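Below is one structure, written out as structure tokens; comments come after it.
The values are calculated or read from the model by the stated rules, or taken from the named source; none is laboratory data. Keep in mind that this is a model prediction, so the values were computed, not measured. Neighbour counts run over all protein chains shown; Cβ positions are idealised from the backbone, glycine included.
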């Protein structure tokens, strides 16, 4: 399937790549720098090698040119010699990226993934009530997890407590594609604009940092 979808947003662009090709097919499409080749050869997993190539082919498709990815010490990805911000996520045979001039994050998860066993660790008490009453607890739990992952990726700070420091106010899950999130930490309250959609049994959530309240 290869390149699957380009979704233009007010604040940037989201790209989706379906990783259905064999590794050798992907490999023939990419031209690595020496640094990228060394990174690629460090992976023993075929899946990780395919993800590595797919993300770079996807960026090339979205930007119209080759782009090299660098990483901060925190693991946050950056585009070399660019002021455009980048966020990356993988799930199953999907690779997704979000590009924007603003601070951003993106996450993708299989909509049927069972995460009830960790829900207690990332859901606020008010969010638990939202999940219970929303009409689709499985979708709500996955969506909240994706939203918090996206906000985490958007943040410069590490060690964030998903349950107590990131909060998603209730919204009409089955009707609204856009919603808000908040991160409250160290006397700083940051709001985020989030949006969700589904692609072939996967939930994708991306966020844009909004306003620092205080």
Tally of residues being more than 22 Å from residue 176 (Cα to Cα), within 20 Å of the chain's Cα centre (by Cα) and either buried (at least 22 other Cβ atoms within 10 Å of the Cβ) or free of Cβ contacts under 8 Å to residues at least 40 places away in the same chain (or both) across segment 114-146: 4
With respect to residue 23, is the statement that it is out of contact with any strand residue (DSSP E or B) (no Cβ under 9 Å at 6 or more places or on another chain) and in contact (Cβ under 8 Å) with a residue 24 or more places away in the chain true? yes
Residue ID - surrounded by the fewest Cβ atoms within 10 Å (Cβ to Cβ), chosen from residues in segment 161-173 that are touching a helix residue (DSSP H, G or I) at 6+ places or on another chain (Cβ under 9 Å) and at pLDDT below 90: 170
Any residue in segment 56-69 that's under 15 Å from residue 4 (Cβ atoms): show its pairings with residues that are assigned to a helix (DSSP H, G or I) and at pLDDT 95 or above at Cβ separation under 9 Å, as long as the two are six or more apart or on different chains. 57/26
Scan segment 189-214 residue by residue and report those that are exposed (fewer than 11 other Cβ atoms within 10 Å of the Cβ) and closer than 22 Å to residue 126 by Cα. 213
Of all residues in segment 174-183, count the ones that are in contact (Cβ under 8 Å) with a residue 12 or more places away in the chain and surrounded by fewer than 20 Cβ atoms within 10 Å (Cβ to Cβ). 5
Look at residue 186 and say whether it is within 16 Å of the chain's Cα centre (by Cα), outside the structural domain of residue 88 (by TED's automatic domain parsing) and surrounded by fewer than 19 Cβ atoms within 10 Å (Cβ to Cβ). no
Looking only at residues in segment 87-113 that are within 25 Å of residue 31 (Cβ to Cβ) and surrounded by fewer than 22 Cβ atoms within 10 Å (Cβ to Cβ), which one is farthest from the chain's Cα centre (by Cα)? 93
